[in-house]
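Q: There's a structure below that I have some questions on.
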Amino acid sequence: MAITTVGLDADDTLWHNETIFRLTQDRFRALMADYAEPEFLDARLAEVERRNLALYGYGVKGFTLSLIETAMDVTRGEPPGRMIADILAAGREMLSHPVEPLPGVPEALHELSQHYRLILITKGDLLHQEQKLAASGLGELFVGVEIVSEKDADTYDRVFSRHGTGPQQAAMCGNSLRSDVLPALEAGAWAAHIPYHLTWAHEHAEPPAGHPRFAELKSIGEFPGWVRGLG
């Protein structure tokens with residue numbers, strides 16, 4: 001069955017994202033150095049983030065609120081006023097950080113767009129993701145953009161049916177096994193994993209070894225050829 005539709009993740013698939021979060025977390029460790037050891041601080045922040053996902057969703061704004069909550073907790077509710085101001089400033093800098101497409105992304109997307117419907121499927125803050133897509137210069141290559149609260153099998157079934165001919169004739173590409181690969185396979189689509197050198201702990205999952213519709217690729221430059229081979 002020929003592939004008609006290709007879904008692509010955004011953060012850490014098309015452009016850098018986790019690197020920016022890690023740099024901000026390094027800045028947070030330095031800011032909190034007088035109050036907590038880095039290992040304890042990282043564990044506490046991860047716990048706060050997991051709990052807050054259901055409230056704030058994914059993205060910089062939720063991350064910034066989690067940083068503030070962690071600072072409040074570690075300082076027993078009495079953080080210096082300047083500390084909160086510094087955290088908010090770090091969050092604003094993340095929101096205004098330049099968008100840098102990963103190597104090979106423009107070329108791969110231009111090639112794919114000649115033969116398939118391209119759909120951007122990403123989690124995160126609606127406004128920020130729209131701003132990043134516009135800044136990337138890649139927006140005109142997509143026939144649809146879906147910024148969702150969570151990626152599960154129902155999401156992929158709905159998106160690929162809305163913008164294409166259903167998940168059975170769709171291929172998904174992303175850096176997260178948990179969000180971009182496993183639920184797409186569950187929906188009946190094909191899925192390629194392209195690892196990024198950093199992965200948020202919340203996105204870790206085991207690869208579906210031996211799955212007939214799954215591929216592990218080294219770079220997005222391999223993705224157009226893999227999709228062509230599915231036909």
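The values are calculated or read from the model by the stated rules, or taken from the named source; none is laboratory data. Quick caveat, the model's predicted, so the values are computed rather than measured. Every residue, glycine as well, gets a Cβ built from its backbone with ideal geometry; the counts of neighbours run over all protein chains shown.
Q: Find the residue count for region 42-66, including only residues that are closer than 19 Å to His128 by Cα, touching a residue at least 40 places away in the same chain (Cβ under 8 Å) and of a type in the set (A, V, I, L, M, F, W, C).
A: Of the residues in region 42-66, 3 are closer than 19 Å to His128 by Cα, touching a residue at least 40 places away in the same chain (Cβ under 8 Å) and of a type in the set (A, V, I, L, M, F, W, C).
Q: Can I ask one more? Go through (1) at pLDDT 95 or above; (2) within 22 Å of Tyr56 (Cα to Cα) and name the single condition Ile220 misses.
A: Among (1) at pLDDT 95 or above; (2) within 22 Å of Tyr56 (Cα to Cα), the lone unmet condition for Ile220 is (2).
Q: A further question on this structure: Would you check which residues across region 153-187 are surrounded by 24 or more Cβ atoms within 10 Å (Cβ to Cβ), touching a residue at least 60 places away in the same chain (Cβ under 8 Å) and either of a type in the set (Phe, Trp, Tyr) or assigned to a helix (DSSP H, G or I) (or both) and list them?
A: Once the filter is applied, which keeps residues that are surrounded by 24 or more Cβ atoms within 10 Å (Cβ to Cβ), touching a residue at least 60 places away in the same chain (Cβ under 8 Å) and either of a type in the set (Phe, Trp, Tyr) or assigned to a helix (DSSP H, G or I) (or both), region 153-187 yields Tyr156, Val159, Phe160, Ser179, Asp180, Ala184.
Q: So Ala201 clears everything in (1) hydrophobic (A, V, I, L, M, F, W, C); (2) over 23 Å from Ala108 (Cβ atoms); (3) at pLDDT 95 or above except one condition, right? Which one?
A: So Ala201 meets the others, but not (3).
Q: List the pairs whose first member sits in region 21-41 and is within 15 Å of Leu88 (Cβ to Cβ), whose second member is of a type in the set (Phe, Trp, Tyr) and assigned to a helix (DSSP H, G or I), and whose Cβ atoms are under 8 Å apart, counting only residues at least 6 apart or on separate chains?
A: Matching pairs, first to second residue: Thr24/Phe63.
Q: Hey, another quick one. What is the number of the single condition among (1) more than 29 Å from Lys218 (Cβ to Cβ); (2) among the small types (Gly, Ala, Ser); (3) assigned to a helix (DSSP H, G or I) that Ala36 does not meet?
A: Among (1) more than 29 Å from Lys218 (Cβ to Cβ); (2) among the small types (Gly, Ala, Ser); (3) assigned to a helix (DSSP H, G or I), the lone unmet condition for Ala36 is (3).
Q: Which of the residues that make up region 90-138 are part of a loop (DSSP other than H, G, I, E, B), among the acidic types (Asp, Glu) and crowded, with 16+ Cβ neighbours inside 10 Å?
A: Asp125
Q: Looking at Ala71, is it buried (at least 16 other Cβ atoms within 10 Å of the Cβ), assigned by TED's automatic domain parsing to the domain that holds Arg213, among the small types (Gly, Ala, Ser) and over 18 Å from Glu18 (Cβ atoms)?
A: The answer is no for Ala71.
Q: If you don't mind, another one. Return the only residue of Gly144, Gly104, Gly124, Gly139 being closer than 27 Å to Lys61 by Cβ, among the small types (Gly, Ala, Ser) and in contact (Cβ under 8 Å) with a residue 40 or more places away in the chain.
A: Every option except Gly124 fails the conditions.
Q: If you take the residues of region 55-83 that are in a helix (DSSP H, G or I) and within 21 Å of Ala10 (Cα to Cα), which of them is modelled with the lowest pLDDT? Outline the logic, then answer.
A: From region 55-83, those in a helix (DSSP H, G or I) are 55-56, 60-74, 81-83; that's our starting set.
Checking which are within 21 Å of Ala10 (Cα to Cα) leaves us with 56, 60-64.
Working: Tyr56: 90, Val60: 93, Lys61: 95, Gly62: 94, Phe63: 95, Thr64: 97.
Checked region 55-83; the qualifying residue modelled with the lowest pLDDT is Tyr56.
Q: On to the next question. Taking Glu216 as the residue in question, decide whether it is closer than 21 Å to Asp11 by Cβ and surrounded by fewer than 22 Cβ atoms within 10 Å (Cβ to Cβ). Lay out the reasoning, then the answer.
A: Values: closer than 21 Å to Asp11 by Cβ: yes; surrounded by fewer than 22 Cβ atoms within 10 Å (Cβ to Cβ): yes.
Yes, satisfied.
Q: Of all residues in region 95-122, how many are among the aliphatic types (A, V, I, L, M) and within 18 Å of Tyr196 (Cα to Cα)?
A: Within region 95-122, the subset among the aliphatic types (A, V, I, L, M) is 95, 99, 102, 105, 108-109, 112, 118-121.
Applying the additional criterion that residues be within 18 Å of Tyr196 (Cα to Cα) yields 99, 102, 105, 108-109, 120-121.
Qualifying residue count, region 95-122: 7.
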